[in-house]
Amino acid sequence: MTTPIELVVLDMAGTTVVDDGVVEQAFQRAAERTGVAARLPWDDALGYVRKTMGQSKLDVFLHLAAGDAVAARQATAAFEAAYAEIVAEDGVAEIPGAADAIQGLKDAGLTVALTTGFAPVTRQAILDGLGWGGLIDLALSPVDAGRGRPAPDLVLTALLRTGASAVQAVAVAGDTVSDVESGRRAGAGFVAGVLTGAHDRAALSGAGAHAVLSDVTALRGALAQRELLPAAVASV
């Protein structure tokens, strides 16, 4: 017997929020200001940032800084400041249809949480820029959960905070391998990759996604197709 979904955990940048290279731009500014990536060839450092999209930025910088925690914290602060600068300069935009998709999930009786590898200050700047304060039920950063992705902590913290009845009642969607791995490690009942961000279909499927969707607007339909929506909604 399938467990109906109660909670949907969605990634932010690349899944519900347009990235357009902003993470890479912010990384470049942070690297220039702190020298955190100086020990590596630039292409290698940038390649690592791309590979680890979706993970805690502190963890990423800790690797780039060869384990130097002080340098990693400085670089993370510089990254968050740079990201805020870019948002202030260029604004922030949703993945087309994302807000309506989130509202559609809520209309189906589901709770919606957003998760990110960004610090709370950056997360809040994005939400404020989008005007999503009243749209979502919860937003979490690694500092709120313990570990960032690909660990299961963000998903499990969302479950605990919202009171979902079981991990099988949680659906997860994101654009990176780390998003998918986090959902699978948490034991989520449905884990989807989306093709609007960092990683392609092969990578998302290889990470164990139950489905790979064109974008977040296809999620409610995918849940309905698998008879994972609450019975009251599915019968309408």
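A few points about this structure:
- The stretch 153-181 - residue that is free of Cβ contacts under 8 Å to residues at least 60 places away in the same chain and under 12 Å from the mean Cα position of the chain (by Cα) and, of those, most open to solvent (accessible area, probe 1.4 Å): Glu181
- Unique match (being open to solvent by 50 Å² or more (accessible area, probe 1.4 Å), more than 15 Å from the chain's Cα centre (by Cα) and acidic (Asp, Glu)) among Glu80, Glu85: Glu85
- The set of residues in the stretch 60-74 being closer than 21 Å to Pro150 by Cβ and part of a helix (DSSP H, G or I) consists of Val60, Phe61, Leu62, His63, Leu64, Ala69, Ala72.
- Filter result for Asp144 (out of contact with any Lys or Arg (no Cβ under 6 Å at 6 or more places or on another chain), among the acidic types (Asp, Glu) and under 17 Å from Leu105 (Cα atoms)): no
- Some residue of the stretch 61-68 being modelled with pLDDT of 85 or more and closer than 18 Å to Val121 by Cα: yes
- Matching entry among Ile126, Ile136, Ile102 (being among the hydrophobic types (A, V, I, L, M, F, W, C), at pLDDT below 90 and in contact with a strand residue (DSSP E or B) (Cβ under 7 Å, 6 or more places away or on another chain)): Ile126
- Close pairs from the stretch 44-61: first under 19 Å from Gly174 (Cβ atoms), partner of a type in the set (Lys, Arg) and part of a loop (DSSP other than H, G, I, E, B), Cβ under 6 Å, at least 6 apart: Gly54/Arg149; Gln55/Arg149
- Options Pro96, Pro41: the member that is out of contact with any strand residue (DSSP E or B) (no Cβ under 9 Å at 6 or more places or on another chain), of a type outside the set (A, V, I, L, M, F, W, C) and in contact (Cβ under 8 Å) with a residue 60 or more places away in the chain: Pro96
- Residue within the stretch 168-177 that is in contact with a Phe, Trp or Tyr (Cβ under 6 Å, 6 or more places away or on another chain), closer than 22 Å to Tyr83 by Cα and modelled with pLDDT under 95 present: no
The values are calculated or read from the model by the stated rules, or taken from the named source; none is laboratory data. Values in this document were obtained by computation on a predicted structure and should not be read as measured data. Note that each Cβ is placed from the backbone with ideal geometry, even for glycine, and that neighbours are counted across all protein chains shown. These area figures cover heavy atoms from the full protein model, side chains too; ligands, DNA and RNA do not enter into them. Shrake-Rupley method; radii C 1.70, N 1.55, O 1.52, S 1.80 Å.
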